[in-house]
Structures are given as C-alpha cells and as structure tokens.
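Worksheet for the structure shown next.
What follows draws every value from the coordinates through simple rules; no lab data is involved. Just so we're clear, the structure is a prediction, and the values are computed from it rather than from any experiment. When we count neighbours, we look across all protein chains shown, and the Cβ atoms used for this are built from the backbone with ideal geometry, even at glycine.
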Amino acid sequence: MKNLLPFIVIFGPVVLLAGCGDDPPERRIEITPPATELTFDEAFVKDRDIYFQMPEGVVLGTIGHLVVDSKGDLIVADFTQQTVFLTDAEGNYLRQIGTRGGAEGEYLSIDELVLAPNGDLYIWTIGEGPKYMVFSGGSYAFKREVSSDFSQYIDHLVVTEGGHIYAAQVDLRTDGIHALFRFDDNFKVIGRLYPVEDQRTATALHRFHNTILTPKTGGGFYFMHPTTYEIHQYSEQGELEQTLFSTYQSKYRDGIKPFPADLDPYGWNPKIEAWFAEHIVRDELFEFGSDLLVLVQYRREVGNTYQLYLNLLYKDGHSVVDGIRVPANHTPIAVAGSELYCMVKDAFDEATGEAGDPYMAVYRLNDRAVARR
C-alpha cells in the first residue's frame, strides 16, 4: 500500500472541517473526485483459488457467509445445507460448527456470522424466534444462546474490540424506521444512537435501505449511511468521532435513490421490483489493509440477477477508484488483512449438464497498476 503515496499527493490535501458547540468537535473529511475507472483485473491480482475438500457424505451447497479467524482458518455458512463448517486455509474440511435442529445449542437457519475480536463466533438464527448462538473462540464449542431483543430486520451486527455490541435495525415495535442501537451481552437494547433518515428528503428509511456497520481496527466501528457515501466513525462508547466522504459525488452515487414514499416497504409488488432495478444498494464495507476501505454495492437487474461493484476509498479522504464491476459469478464476501475473498459459482459444464461446486478466489490489490494512475 505504501507505493500508492505518489497517487495521493497529486490530488491535493485533505480538508478537515471542525464542528462547533459544547460537544467534542466532529472532524469532517471530504473526498476528492475518483482518479479513474479501473477494471477488476487492473485493480486486483489473483493470489490463489481455494477449493473446499469435503468428506464423503458432506455436500457443499451455497456459500452464504465466510469469515477468516486469527489462525487463517475459514468459517463458512452453507445456506443450502443450513450448516456452518470449519476448514483450514487451503479449504480442507476440519469439522462442523454447531448442529442443525431446534433444541438449545442448535440452529434451524443461518442468517449471519459475526466473528468477535476475542475469537467468539456469533451465529444469528431464526427458528421460533430470532436468537444469537455464541461459540467459544478457538475451539468453537457451543457457549450460550440468547434470544434477541429486536425484529428480524437487522443489518450488520458488530462486536467491537472493547466487546461492545452495536447494530442497525428497523424497530417495528415503535416507529418502524432504521436506527442505530447498542446492546448488552444479552442482546437487550441499552441505547439508541439516533434514527436514520434520508439526508436529501428527510424521510425515514425502511428495510430496503441497507444500512452498513463494520468494526474498526483499534476499537469502535464505522456506520455507512444507506443513501449517501457518508461514513460515520464511532468510538467504543458510540460517540461520533469523525465523518468521511460527506460530499462525495459520482455517477454511482446518482444511482442511489430514496425509497418512494407511496410504496409500502413491507409488501412486495411490481413497483418495488421496478425501483430495485434502478437503485444501487449498499451491501458490505470492509477495512482493506491499514489505509483503505472497500465498499461493496449492487444493482439488481432483469431476471433477478445482480451486478456487483467495488469502490476503493482511502480513510484520509481520497478515492482510488469508483465503480469496479465485479466479474461474473464472483461475490466479494470477506476481507482478511489486505486479501479480498470472493465466492465463485463455478461455470456450468454443458458436457455433463452440471455446475461445479462453488469455491473461493482470493485477490490482492494491484498496487503498481493503481499507483500509475
């Protein structure tokens, strides 16, 4: 990443705007225009492929979530089989984590994996009701389960390095809008930071506006507003420390549209389908190495297919590139250090009439190509 420094200098200094008032000043970091548009192959270099070696009788279905633990082992949620399994860094099967079922310590569905900084694994499941199951770091033995104190419409639960738990969700029991919440260890709400509104229309956001939270190295977390590029950086205690990219303009931002006020966000209909076809949706935000953020966004297209895009953003207020189209059959699913993990749906084999098992392709940033820009 260090050899990207000449690229940054060309585009001038970062502008810091200090807030005023009795509260500690909030730093605002504005962003320079993107330098260029790069293709995926120009921006990234493939490091390796990981093919999962499953034992006899264990079927690999759909890779829904993947996290990489401190040892480099892979924790994979299979959405087809509704199981979680552990492999080594080369994809060799080690064991299943947890058991499918409805009893204590078992899960019926897998909706999210969260790996806490202390190594504990959180699995969010919905059976008779939503709950989090916690497995001990290292051994991944069942530790406890807790019924959650919120609705099923939740985006990106994070556990910070200090052990604090935050999430964005739609609070159906009160006003039905997105808000940021803080929870205790039993997933009971102990604080509501603020409701989330569309900053251009001042209207409340609903569950189709995907809110993004991601933990920050060194403590705290990032929150990305669902209809702008603005990123808020929070401390461990949920205090706003700085705002990044609040005035960023790009053609991809222009595709982010507020949800129409005359549509019911809780009922599917053709008008919602049409809105989705024109709407760029935020999906994931990752720290990439020490100085970059990777934003994953998508647009749902005709035939219920998805076109995914990547944006590379410097934490100090520069954009490396805006709107990298992700290759077909690739889904960016995790970042570990400065490695980007993509789930790949293997191509359909017309000779056999079958599609191969999904696998992981691991990429690193092509520093030289980006620096030349």
(request) Please list the non-local residues whose amide H lies under 5 Å from the amide H of residue 38, H modeled 1.01 Å from N, same-chain partners needing a gap of 5 or more. (result) 322
(request) Taking amide H positions as placed in the peptide plane 1.01 Å from N, state which residues far from residue 279 in sequence (5 or more) or on other chains have amide H under 5 Å from it. (result) 300
(message) Just want the ordering: 65, 164, 318, from fewest to most Cβ atoms lying within 10 Å of their own Cβ.
(response) 65, 164, 318
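Using a 10 Å cut-off around each Cβ, can you sort 305, 331 from fewest to most neighbouring Cβ atoms?
Numbers: 305 9, 331 20.
By the 10 Å Cβ count, ascending, the order reads 305, 331.
Among 123, 190, which comes first, then next, by fewest other beta-carbon atoms within 10 Å?
Numbers: 123 24, 190 13.
By the 10 Å Cβ count, ascending: 190, 123.
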(request) With a ≥ b ≥ c taken as the square roots of the eigenvalues of the C-alpha gyration tensor of segment 50-112, please select rounded if a/c is under 1.5 and otherwise prolate if a/b is larger than b/c or oblate if it is not? (result) prolate
